[in-house]
1. What is the fewest-to-most order of 172, 133 by other Cβ atoms lying within 10 Å of their Cβ?
2. If you find the alpha carbon centre of region 123-143 and of region 14-83, how far apart are they in angstrom?
3. Quick one: what does P(r) look like for region 21-67 with 10 Å bins over all Cα pairs, in whole %?
4. Evaluate 2.2 N^0.38 Å with N set to the residue count of region 110-156, then give the Cα radius of gyration divided by it.
5. Packing-wise, with mean Cβ within 10 Å as the measure, how do 53-59, 173-179, 84-90 rank, highest first?
6. Assign one of three labels to region 122-180, namely rounded, prolate or oblate, based on the Cα gyration tensor with a ≥ b ≥ c the square roots of its eigenvalues; rounded applies when a/c is under 1.5, prolate when it is not and a/b is larger than b/c, and oblate otherwise.
7. Using Cβ counts within 10 Å as a stand-in for footprinting exposure, how do 36, 105 rank, fewest first?
């Protein structure tokens, strides 16, 4: 079977799966994408060739993008093998692939007391940040406040408040989620290059 045929079948299953997940009949989706129910049925069952001018309104009606609808189904290697990146007092493992869904990055961080902290290390950027402590106690500097976050607890805060995360009384490991602005601010050096 040709790769194009495999992808074609994946696209058809995605259309049908997304439609059913929303609880829509063929008639309901057809009305939303301005196709006849019989045309949509033939697309889903493989009895009609899929045309680009049909995929765009179908994707829009299903609240997805054309890219997501037609992306390769090749998932041979779903395991992420993070490589540690080191700076003084901080080791970071990026646990999500580049260009993650909705621009979100997940990282595991090991912070030691050697990490520089203080007013010069506080960062500000648009968005929100979330982390949970896997082991140790995190010391969250949030503006003028110092908040201790022990193992098993989590913190979420506006990143427009000057902030930094350090270690209290020994190493701390956290799992954190960044939006695109947070990734740029925390996972890259001040000149924009990735941490070494």
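1. So the ranking, lowest neighbour count to highest, is 133, 172.
2. 39 Å
3. 28, 62, 10
4. For region 110-156, the normalised Cα radius of gyration is 1.17.
5. 173-179, 53-59, 84-90
6. Oblate is the answer for region 122-180, as a/c is 1.5 or above yet b/c matches or exceeds a/b.
7. Details: 36 12, 105 21.
Ascending number of Cβ neighbours within 10 Å: 36, 105.
Quick note: the coordinates plus some simple rules give every number you see, no bench work behind them. This is a predicted model, so every value here is computed, not measured. Positions of Cβ are generated from backbone atoms using ideal geometry, with glycine treated the same way; all protein chains shown enter the neighbour counts.
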